[in-house]
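Only one structure is covered here, and it is reproduced in the block below.
The values are calculated or read from the model by the stated rules, or taken from the named source; none is laboratory data. Since we're looking at a predicted model, the values are computed, not measured. When we count neighbours, we look across all protein chains shown, and the Cβ atoms used for this are built from the backbone with ideal geometry, even at glycine.
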């Protein structure tokens with residue numbers, strides 16, 4: 001399936017500001033034996049939502065209308081924190097959430113965001129579809145939620161700058177960079193001797209324009225939609241952090257489904273995740289070409305020296321202690337020695 005890049009970039013811009021005008025509430029089918037809500041924070045035009053709607057339609061067809069899944073994108077049912085609370089209480093049956101945010105409930109869920117753990121997508125999927133992903137799902141289960149096997153893609157984060165390309169860890173020394181409010185982000189950039197500043201996304205463009213900060217980090221689609229190329233010259237494909245969306249389910253709602261419906265739902269949800277992964281990777285590639293035409297200068301540094309710097313600064317040792325030996329050993333088994 002192909003998607004309009006213009007539509008997707010507009011969609012990503014909407015996602016960046018966490019909200020927008022919600023679509024009308026869709027009436028539930030009255031004949032369904034089970035009518036469940038699936039909430040997420042992505043805008044209508046995003047391939048994530050397109051695949052979710054395909055998935056819902058397929059499930060309804062394969063169950064002969066017994067299972068009706070209503071998709072609520074664009075944070076229609078509340079903020080991520082609100083929706084996490086609702087899926088725990090049963091107000092929402094299904095919900096997708098970033099592992100970095102889910103970590104407020106399941107600390108192990110943010111481990112995929114460890115700096116420079118993943119050099120590429122094949123390593124991501126080997127890890128998250130493998131033993132570490134299974135471990136995190138087990139921790140999610142312990143927290144009282146059910147979770148699907150396949151994690152959906154939220155993409156790699158890249159570094160932009162108005163002053164210099166980031167070719168190695170030394171380029172981060174003294175570098176004034178905007179980061180989201182998160183211990184993981186702040187800890188990593190401080191380990192590089194950078195000067196991270198927590199700034200709301202709505203203020204990022206002006207902060208870059210007025211040189212309050214030199215650079216920032218975000219996925220390529222967001223760099224494009226926010227027009228950060230207008231106030232940034234370089235984009236270093238650091239791939240310094242990857243994140244995805246776990247497909248979460250209220251336990252009672254999931255257990256209430258007959259086994260045959262569970263099988264159909266799980267098969268279609270996991271297949272949709274695989275399709276969305278391919279869509280997201282293709283979108284990032286097309287956005288890179290577009291940004292190059294707009295004058296952004298790209299480079300792709302070797303992740304090795306960055307890992308060495310983080311190791312020497314004690315970053316990996318610190319987070320190994322927070323995640324515990326079991327989780328950390330599974331991460332290193334997939335990506336190689338970090339600590």
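Take the residues in the stretch 48-76 that are assigned to a loop (DSSP other than H, G, I, E, B) and in contact (Cβ under 8 Å) with a residue 40 or more places away in the chain, then tell me which one is surrounded by the fewest Cβ atoms within 10 Å (Cβ to Cβ).
66
Which of the residues belonging to the stretch 117-137 are over 15 Å from residue 277 (Cβ atoms), in contact with a strand residue (DSSP E or B) (Cβ under 7 Å, 6 or more places away or on another chain) and modelled with pLDDT of 95 or more?
Matches in the stretch 117-137: 137 only.
Conditions tested, residue by residue: (1) surrounded by 17 or more Cβ atoms within 10 Å (Cβ to Cβ); (2) part of a helix (DSSP H, G or I); (3) modelled with pLDDT of 95 or more; (4) out of contact with any helix residue (DSSP H, G or I) (no Cβ under 6 Å at 6 or more places or on another chain).
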{"position": "156", "(1), (2), (3), (4)": "yes, no, no, yes"}
{"position": "167", "(1), (2), (3), (4)": "no, no, yes, yes"}
{"position": "174", "(1), (2), (3), (4)": "no, no, yes, yes"}
{"position": "178", "(1), (2), (3), (4)": "yes, no, no, no"}
{"position": "204", "(1), (2), (3), (4)": "yes, yes, no, yes"}
{"position": "213", "(1), (2), (3), (4)": "yes, no, yes, no"}
{"position": "221", "(1), (2), (3), (4)": "yes, yes, no, no"}
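For the stretch 77-89, name all the residues that are closer than 22 Å to residue 268 by Cβ and surrounded by fewer than 23 Cβ atoms within 10 Å (Cβ to Cβ).
Listed by number, the list holds a single entry, 77.
Over 18 Å from residue 301 (Cβ atoms), in contact with a helix residue (DSSP H, G or I) (Cβ under 8 Å, 6 or more places away or on another chain) and assigned to a helix (DSSP H, G or I): is that true of residue 123 in this structure?
On the way: over 18 Å from residue 301 (Cβ atoms): no; in contact with a helix residue (DSSP H, G or I) (Cβ under 8 Å, 6 or more places away or on another chain): yes; assigned to a helix (DSSP H, G or I): yes.
No; evaluated as a whole, the condition is false for this residue.
Only residues that are more than 14 Å from residue 59 (Cβ to Cβ) and crowded, with 18+ Cβ neighbours inside 10 Å: list them for the stretch 238-272, please.
Within the stretch 238-272, 238, 239, 240, 241, 242, 243, 244, 245, 246, 248, 250 qualify.
Scanning the stretch 140-154 for residues that are free of Cβ contacts under 8 Å to residues at least 60 places away in the same chain and part of a helix (DSSP H, G or I), which turns out surrounded by the fewest Cβ atoms within 10 Å (Cβ to Cβ)?
Per the criteria, the residue is 142.
Of all residues in the stretch 180-196, how many are assigned to a helix (DSSP H, G or I) and within 12 Å of residue 100 (Cβ to Cβ)? First the steps, then the outcome.
So the first thing to find is which residues in the stretch 180-196 are assigned to a helix (DSSP H, G or I), and the list is 183-191.
If we keep only those that are within 12 Å of residue 100 (Cβ to Cβ) as well, we get 183-185.
Total satisfying the criteria: 3.
Please find, among 262, 333, 309, 252, the residue that is at negative phi and without any contact (Cβ under 8 Å) to a residue 40 or more places away in the chain. If you could, list the steps in order and put the result at the bottom.
Details: 333 fails: without any contact (Cβ under 8 Å) to a residue 40 or more places away in the chain; 309 fails: without any contact (Cβ under 8 Å) to a residue 40 or more places away in the chain; 252 fails: without any contact (Cβ under 8 Å) to a residue 40 or more places away in the chain.
Going through 262, 333, 309, 252 in turn, just one is at negative phi and without any contact (Cβ under 8 Å) to a residue 40 or more places away in the chain: 262.
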